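Q: Supplied in structure tokens, the structure appears directly below.
The values are calculated or read from the model by the stated rules, or taken from the named source; none is laboratory data. For clarity, every value in this text was computed on a predicted model and none was experimentally measured. We place every Cβ from the backbone using ideal geometry, glycine too, and count neighbours over all the protein chains shown. Surface accessibility is based on the protein's heavy atoms, side chains included, excluding ligands, DNA and RNA. Shrake-Rupley method; radii C 1.70, N 1.55, O 1.52, S 1.80 Å.
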Amino acid sequence: MEQVNDYKERLVSIFQGSSISEKQIDEVIDIVLNNSDNNIAPFENQIEIMTDLLLESGDSCLSKKGESSSGAINTYFTNNYANILDENEEGAVGFAHTTYGLTKTETNSLLTLFPDICPKFLDCFVKRNPALNFDEIVNELSEIDYVKREVDPLDMWEDLKEMLPNADPTYLRNQARVLAKRPLEDYEEFLKNAIEKNDYPTLQDYLRKQEKLEDISVYTEKFTVANYLKIIPNPVEFFTDPEREAILADSGSSKSDEEFALNFLYNQFPYLRQNQIQKIFNNYGKHLIKTCNKLTILPRDFRKPRKYIEQNNECFNVKLLQEIAFLKHETSIRRYVKMKNDTYRKALEEARKYGLLKTCLCCFDEELIPEECLFCDKNCSFCKNCVKLGAEHVIGEGRTKFPCLADCPSEFNYSVLKMVLHDKVFKRLCQRKQIEEIKSANIDGLETCPFCDFSMVPKEGDKIFKCGNIECMKESCRECRHVAHIPLKCSEIEYDEDVKMRTYIENEMSEALLRTCWKCSKKFYKESGCNKMTCLCGAKMCYVCGVAVQDYSHFGSGRCPLYTENLDQFHFNNVIQRAQAAKTTLGVDKNPNKLKFDPTKNFNLK
């Protein structure tokens, strides 16, 4: 049900504004998902099939008085010009020719005035009305529903990708296929709404989904036992552990995951009844391994197997896919592991016989056969597990150089690391290394994304830096290095850090105007009088330096003045000095451009 809602939500957004009803959409979804002849297709492929069916069913979004505009055009065209077109079809194609009875200039002028008119229709129209001059043809065409040129969905798709570069390309492709059959106004309206609302599926979501599909393909269509054992070295012990909890009992699992698991069981045991499979599945707390163990020993309910059930919903639960892959390929996995163990035992005996055993210089395992040893550039030997753990530690610290794990100045090269690291981890490591090398090359015009390490040379004249890292993909202003803010200028944007700096300086300036009682902490401000102040709590203090005083002995020549001649100037000087000290603390004195709005700029002596 959850997957059906996903299909419906996408199709409703594609056909928004058309006369395709929700009922039609529901029917098409039902047809596609229940058609056993369909291939096992990902979500986007199924969306394409559904979109095709809806397009074929007809879109009467241009209906007028009970008849679709497109239908009226086709009727008009058939009744008046079809016979002429059939006779002269060869000469009525394209734009390079001169339309019958018109000069080349007049033909081009008509195509400019009516950019969406079908050239074949224009040719036929002029042949049918030879007495009309150019102006009369323009008037006639302005009053009729002429046949419009067919728009190539691929061309429209390219236009949409150019106008909405951050949108999911599969989403835009489906939109183009629908919009190509509808008026230009619908295309413009879609584009306007998309730009204003930004409510379309994003390119970043698409790339992440593609990456996720690539990650899970190792458990489905790209499954190999060797690769599987790299990820789960001891799958038999791991999955057959009686204490292992059910994956579907985890809070991260969804109803869709449960449906996916049940369909797997139905296909895995086609001679048993579905209700019996579901009952045992629930009795074992949705534990797949225990359920399969029980179903394996049950007698058959049917002589012939049930029909294969297509998995229409995608599953992104990696743990569930790993377990299903184990159950599907358990025989092959056990055979491979046994063969590998036999081979290892023979290799160990042979290495021991000929004195070829190595010692890991990290964990000091003394019985490493040559095939399981890895070496640094100075040939220090290590086991694969130690190299893997050491490499992961270096990556966690953000470094790209991998020193030898022994007392050796050498390093591990990347060909060695590729043998122990997960493909995804190794790929990102290579990207990080590449970025470091690019930065160190001092390439002219090289810029780095303010939000990650991605670097490139942007096109000259581009004001926006578009990050190509799919984990980031943020657009930033190349001038101020903040999130892109077009059409506003950099000077019109104040960011959180700018506000914090400005507020800090303003608070310091306010504090410079106030005095705090040393006894009760009450704040006060003096407008006149001598500098010996008495608080309401009875405490006495000097207004100039703020220390506690008892009498007038604190004031006098060489000491704090009893009276301040120009109190406004005194306050002004205190505020400016405090502001300058605050700027120094923030580092603004060394980099004035760091402060976007200076609160002292308009602070004048009254």
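Q: Over what distance in Å are the Cα centres of the stretch 526-590 and the stretch 381-449 separated?
A: Taking the Cα centre of the stretch 381-449 as reference, the centre of the stretch 526-590 is 59 Å away.
Q: To the nearest Å, what is the center-to-center distance of the stretch 207-236 and the stretch 118-172, using C-alpha atoms only?
A: Going from one Cα centre to the other spans 49 Å.
Q: Return the lysines within reach of Lys148: Cα separation strictly under 20 angstrom, same-chain partners fewer than 8 residues apart disregarded; answer none if there are no such residues.
A: Lys64, Lys120, Lys127, Lys181
Q: Follow-up question, since we're still on this one. Please give the per residue accessible area of the stretch 483-606, computed with a probe of 1.4 Å over protein heavy atoms only, in Å².
A: Details: 8130 Å² over 124 residues.
Normalised by residue count, the accessible surface of the stretch 483-606 is 66 Å².
Q: What number in nm² do you get for the stretch 227-302 if you take the convex hull of its Cα atoms and divide its surface by four? If you can, show how the numbers build up before the last one.
A: Working: hull surface 23.6 nm².
If you wrap the Cα atoms of the stretch 227-302 in a convex hull and average its projections, you get 5.9 nm².
Q: If the chain between Tyr563 and Leu191 were fully stretched, how many nm would it gain, using 0.36 nm times the residue separation less the Cα-Cα distance?
A: Details: separation 372, 0.36 × 372 = 133.92 nm, distance 7.16 nm.
Extra length from Tyr563 to Leu191 when fully extended: 126.8 nm.
Q: One quarter of the convex hull surface, Cα atoms only: what value does that give for the chain in nm²? The partial results should precede the final answer.
A: Details: hull surface 217.6 nm².
For the Cα atoms of the chain, the hull's average projected area reads 54.4 nm².
Q: With an 8 Å cut-off on Cα pairs and a minimum separation of 6 or more residues, tell me the relative contact order of the chain in percent. Could you put the intermediate results ahead of the total?
A: On the way: 577 pairs, mean separation 41.3, N = 606.
Relative contact order comes out at 7 percent.
Q: Can I ask one more? How much accessible area per residue does the stretch 113-176 have, counting only protein heavy atoms and a probe of 1.4 Å, in square angstrom?
A: Solvent-accessible surface per residue comes out at 51 Å².
Q: Oh, and also: Cβ neighbours within 10 Å, averaged per peptide: list 388-394, 200-206 in order, most packed at the top.
A: Numbers: 388-394: 15.9, 200-206: 17.4.
Peptide ranking by packing, descending: 200-206, 388-394.
Q: Sorting Arg432, Arg352 by accessible area (1.4 Å probe), largest first, what list results? If you can, show how the numbers build up before the last one.
A: Details: Arg432 75, Arg352 115 Å².
Accessible-area ranking of Arg432, Arg352, largest first: Arg352, Arg432.
Q: For the stretch 97-178, what is the Kirkwood estimate of the hydrodynamic radius, computed as the reciprocal of the mean inverse distance between distinct Cα atoms, to one decimal in Å? Show your work: numbers first, answer last.
A: On the way: mean 1/r = 0.0685 Å⁻¹.
Taking the inverse mean of 1/r over all distinct Cα pairs, the stretch 97-178 comes out at 14.6 Å.
Q: Still on this model: Could you report the accessible area of Leu586 in Å², rounded to 10, computed with a 1.4 Å probe on the protein chains as they sit in the structure?
A: Solvent-accessible area, nearest 10 Å²: 40 Å².
Q: Could you put Glu214, Glu372 in order of accessible surface area, largest first, with the 1.4 Å probe and the full protein assembly present? Please list the in-between numbers first.
A: On the way: Glu214 100, Glu372 50 Å².
Ranked list, largest accessible area first: Glu214, Glu372.
Q: At 1.4 Å probe size, with no ligands or nucleic acids counted, give the accessible surface of Phe239 in Å², nearest ten.
A: Near enough 0 Å² of accessible area.
Q: Can you give me the orientation-averaged projected area of the convex hull built on the Cα atoms of the stretch 393-450, in nm²? Don't skip to the end; give the middle numbers.
A: Numbers: hull surface 21.2 nm².
The Cα convex hull of the stretch 393-450, projected and averaged over all directions, gives 5.3 nm².
Q: Ok, one more. How large is log10 of I(q)/I(0) for the stretch 290-343 at q = 0.32 Å⁻¹ when the intensity is taken from the Debye formula with one equal scatterer per alpha-carbon?
A: Calculated log10 I(q)/I(0) at the listed q: -1.14.
Q: Ignoring solvent entirely, what values of log10 I(q)/I(0) come out of the Debye formula for the stretch 143-214 at 0.12, 0.25, 0.27 Å⁻¹ when each Cα is a single scatterer?
A: -0.37, -1.13, -1.24
Q: I want the antiparallel fraction of DSSP beta bridges within the chain, as a percent rounded to 5. Show your work: numbers first, answer last.
A: Numbers: 21 of 22 bridges.
That works out to approximately 95 percent antiparallel.
Q: Once you have the Kirkwood Rh of the stretch 451-597 from its Cα pairs, apply Stokes-Einstein at 25 °C and 0.890 mPa s and quote D in µm²/s.
A: 126
Q: Skip the ligands, DNA and RNA, and give the accessible area per residue of the stretch 234-316 with a 1.4 Å probe, whole Å². Present the calculation step by step, with values, prior to reporting the outcome.
A: On the way: 4970 Å² over 83 residues.
Here the residues of the stretch 234-316 average 60 Å² of exposed surface.
Q: With no solvent and one point per C-alpha, what does the Debye sum give as log10 I(q)/I(0) for the stretch 500-539 at q = 0.19, 0.31 Å⁻¹?
A: Ignoring solvent entirely, the Cα scatterers give -0.64, -1.06.
Q: Calculate what fraction, in whole %, of the accessible area of the chain sits on carbon and sulfur atoms when a 1.4 Å probe is rolled over the protein chains.
A: Numbers: 18460 of 36930 Å².
The value for the chain is 50 percent carbon and sulfur by accessible area.
Q: Further, regarding this structure: Heavy atoms only, probe 1.4 angstrom, no DNA, RNA or ligands counted: give me Lys290, Lys418 ranked by accessible area, highest first.
A: Final ranking, largest accessible area leading: Lys418, Lys290.
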